[in-house]
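The values are calculated or read from the model by the stated rules, or taken from the named source; none is laboratory data. What you see is a predicted model; the values in this text were computed from it and never measured. No Cβ is skipped: glycine too gets one built from the backbone with ideal geometry, and neighbour counts run over all protein chains shown.
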Amino acid sequence: MTANDIPATPESDPIDTAALERWMTSRMPGFEGPVRLTKFEGGQSNPTYRVDTPGGSYVLRRQPFGKLLPSAHAVDREYRIIAALHPTGFPVPKPWFGLCADDSVIGSMFYVMALVEGRNLWDGSLPGMAPAERTAIYHAMIDTLADLHNVDYEAIGLGDYGKPGDYFARQIGRWTKQYRAAETEAIPAMDRLIEWLPATMPAQERTSIVHGDYRIDNMIFHMTEPRVVAVLDWELSTLGDPMADFAYYLMPWLSDRMGVSNVVGLDHRALGIPTLDEAVERYCARTGRSGVPDLDWYAAYNLFRFTAILQGIKKRALDGNASNAEALQRVERIGPLAEQGWDYALKAGA
């Protein structure tokens, strides 16, 4: 994708480019404008822009304008974690310029990072690829997530990035609170999940950095190699139970309602896509685990959490603050997601 392929920033989503240019100039000696902003598609949670200048191109991530839900859209946390991970060699964009917490510059908190060139893959079936290439791409995703969970977070200054224990209790509480704050209609399956999940949580065995939204469309892949060159969208990251992250990554095998990345019903063998068991085996081998118990519970939890996230997007859309004009169309699956979550809860013994 080139800058000419990206729609210009709409008038309904204004950013003062002159103010942004002044801020960038103040942060980097020798920087020169002018600055041209174009908005990337997607970015439901935190709007994302390409920043083109005569000397190079960057990416800007900002909080949405308008009233925000408590603790949501934490671009400051995104910036902190990529700044900590980049020196380790883990694939994240270089955090250029720093974080701007001053809302008066462009109207919301933001940061600027490197523009990483590569492939953006959205369809989990990886159309047009040979089976061996599909296998290598999936292995790269699994290995990269395992490597994240193996990072010594205390050694890179993230010992206080989150509380080490009770991850699921805190997450269920957080997403229940945000769901209730954004609730627009009653969803009985969601009410049942909110009651059942905290009463049945698996024990937390490990603590690691948790990405929170690790999926194929939040990565950039090398242009020609089956290699992850950047993991994006760290807004939901924290310290927590790595099983939450890995189970979320497995959702394309478990649900056909969470997006185009799903691989439910595909001929995995013929396509070269690992089976669910093969994905689990590879992750466990790289992280020293013996298996992933309670997968039905984790599936129910992830469908509950995704429903809560979409409900927040729906509320922002109804309030006129969503970053994508198609937001209302994309949240039509809120009810079915919650219902599928309850189906997994029943499989887990609810």
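Of the residues making up the range 95-128, those that are closer than 18 Å to Arg227 by Cα and in contact (Cβ under 8 Å) with a residue 60 or more places away in the chain are Leu115, Val116, Glu117, Gly118, Arg119, Asn120, Leu121, Trp122, Asp123, Gly124, Ser125, Leu126. Only one entry of Ala317, Ala325, Ala308 meets the criterion of being of a type in the set (Gly, Ala, Ser), modelled with pLDDT of 85 or more and assigned by TED's automatic domain parsing to the domain that holds Leu295, and that entry is Ala308.
Rundown of residues vs (1) closer than 14 Å to Ile142 by Cα; (2) in contact with an Asp or Glu (Cβ under 6 Å, 6 or more places away or on another chain); (3) not assigned by TED's automatic domain parsing to the domain that holds Ile172, yes/no style:
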site	(1), (2), (3)
Gln204	no, yes, no
Asn218	yes, yes, no
Tyr249	yes, no, no
Ser255	no, no, no
Val263	no, no, no
Pro293	no, no, no
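For Val92, the criteria (1) under 16 Å from the mean Cα position of the chain (by Cα); (2) free of Cβ contacts under 8 Å to residues at least 12 places away in the same chain hold in every case but one, which is (2). Selection of the range 216-255 for residues being under 20 Å from Arg134 (Cβ atoms), among the charged types (D, E, K, R) and in contact with a helix residue (DSSP H, G or I) (Cβ under 9 Å, 6 or more places away or on another chain) yields Glu225, Arg227.
Output yes when any residue across the range 34-42 is in contact with a Phe, Trp or Tyr (Cβ under 6 Å, 6 or more places away or on another chain) and at pLDDT below 95, and no when none is. Yes; the residues of the range 34-42 include at least one that is in contact with a Phe, Trp or Tyr (Cβ under 6 Å, 6 or more places away or on another chain) and at pLDDT below 95.
Ala317 - would you say it is free of Cβ contacts under 8 Å to residues at least 24 places away in the same chain and among the aliphatic types (A, V, I, L, M)? For Ala317, the condition - free of Cβ contacts under 8 Å to residues at least 24 places away in the same chain and among the aliphatic types (A, V, I, L, M) - is met. Confirm whether Gly259 is at pLDDT below 90 and crowded, with 21+ Cβ neighbours inside 10 Å. No, not satisfied. In the range 209-235, the qualifying residues are those that are within 20 Å of Gly157 (Cα to Cα) and surrounded by fewer than 21 Cβ atoms within 10 Å (Cβ to Cβ), and the one that is modelled with the lowest pLDDT is Glu235. Residues that are modelled with pLDDT under 95 and either assigned to a helix (DSSP H, G or I) or buried (at least 22 other Cβ atoms within 10 Å of the Cβ) (or both) within the range 265-294 are absent altogether.
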